[in-house]
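Here the structure comes first, spelled out in structure tokens, and everything after it is commentary.
The values are calculated or read from the model by the stated rules, or taken from the named source; none is laboratory data. Values in this document were obtained by computation on a predicted structure and should not be read as measured data. Heads up, the Cβs are rebuilt from the backbone with ideal geometry, glycines too, and the neighbour counts pull from every protein chain shown. The protein model used for the area step is the full one, side chains on, heavy atoms only, and it has no ligands, DNA or RNA in it. Shrake-Rupley method; radii C 1.70, N 1.55, O 1.52, S 1.80 Å.
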Amino acid sequence: MRLIAEGVAAGYGEIEVFSDVDYAFETGEAVAVVGPSGSGKTTLLSVLGGLLRATRGAVYVLDGDRRVGVGNGIVAWVHQTNHGLRRRSVLENVAIGFMARGSTFPEAISHAPPLLAAVGIDGRASLAAGRLSGGEMQRLAMARALAVGAPFILADEPTGHLDPRTSERIGDLLISQATARGQGVVVATHDPLLADRCNRVLDLTAYTVAHG
């Protein structure tokens, strides 16, 4: 499956941040979206995920020869700050991801533990999500995104608030766990080490629109 940006331009109001982005994101691989602050990394992810409309161009999915719109479980998100359902347990937070793809609650609860183990927080399963550390919360966000089972995970600065050592572990987990499951990862990041772990890099500097 491919997530296609075709001649995409986007911005806010009448001001375009970037233009003419032509790129194909593939399932089973990770792409880092890089560029200086203000180059439109978060904006591009928002367009890819259907949260923001492109001012020009198109975003769509190719499933074999079939062209479909973004939506209906195509993307899952990992944001820089993920609070989850803070009063619900870690286990329940991940179970909700499985329920989003049609599992019953008992089925979802039974499916969640292996994912928690995969991201290293199975020992926190019964704890309220609001009691997790920043790094643990990011692991929870990843487990929930993996549980949704969407073909693509869009991660917006997922290691931005973490110390370097934790950032390295979280980045490795996100990429290895998602690609092993055949999911594509598109990660907006300032972290060169995280970008280096990805299969490809999309530098938005080349598409930035100059103003003034």
**OP:** Consider Arg124 carefully, then state whether it is out of contact with any His (no Cβ under 9 Å at 6 or more places or on another chain) and at pLDDT 90 or above.
**Re:** yes
**OP:** For region 37-121, please list each of the strands (runs of 3 or more DSSP E) lying entirely inside it that holds at least 3 residues being buried (at least 20 other Cβ atoms within 10 Å of the Cβ) and touching a Lys or Arg at 6+ places or on another chain (Cβ under 8 Å).
**Re:** none
**OP:** State whether the residues of region 193-200 include one that is at pLDDT 95 or above, open to solvent by 10 Å² or more (accessible area, probe 1.4 Å) and in a strand (DSSP E or B).
**Re:** yes
**OP:** Kindly indicate whether any position in region 21-32 is open to solvent by 40 Å² or more (accessible area, probe 1.4 Å), part of a loop (DSSP other than H, G, I, E, B) and either within 23 Å of Leu202 (Cα to Cα) or touching a helix residue (DSSP H, G or I) at 6+ places or on another chain (Cβ under 7 Å) (or both).
**Re:** yes
Original post:
Out of region 122-164, which residues are in a loop (DSSP other than H, G, I, E, B) and among the β-branched types (Val, Ile, Thr)?
Top reply: Thr159
**OP:** Tell me which residues, restricted to region 72-127, are β-branched (Val, Ile, Thr) and without any contact (Cβ under 8 Å) to a residue 40 or more places away in the chain.
**Re:** Thr104, Ile109, Ile121
Original post:
Does region 169-192 hold any residues that are assigned to a loop (DSSP other than H, G, I, E, B) and under 13 Å from the mean Cα position of the chain (by Cα), and which are they?
Top reply: Gln183, Thr189
Original post:
Can you name every residue in region 201-212 that is part of a helix (DSSP H, G or I) and more than 20 Å from Gly49 (Cβ to Cβ)?
Top reply: Thr205, Ala206
**OP:** Could you run through region 122-163 and say how many residues are aliphatic (A, V, I, L, M), over 17 Å from the mean Cα position of the chain (by Cα) and surrounded by 16 or more Cβ atoms within 10 Å (Cβ to Cβ)?
**Re:** 4
Original post:
Looking at this structure, is Thr166 more than 21 Å from Thr81 (Cβ to Cβ) and surrounded by fewer than 23 Cβ atoms within 10 Å (Cβ to Cβ)?
Top reply: no
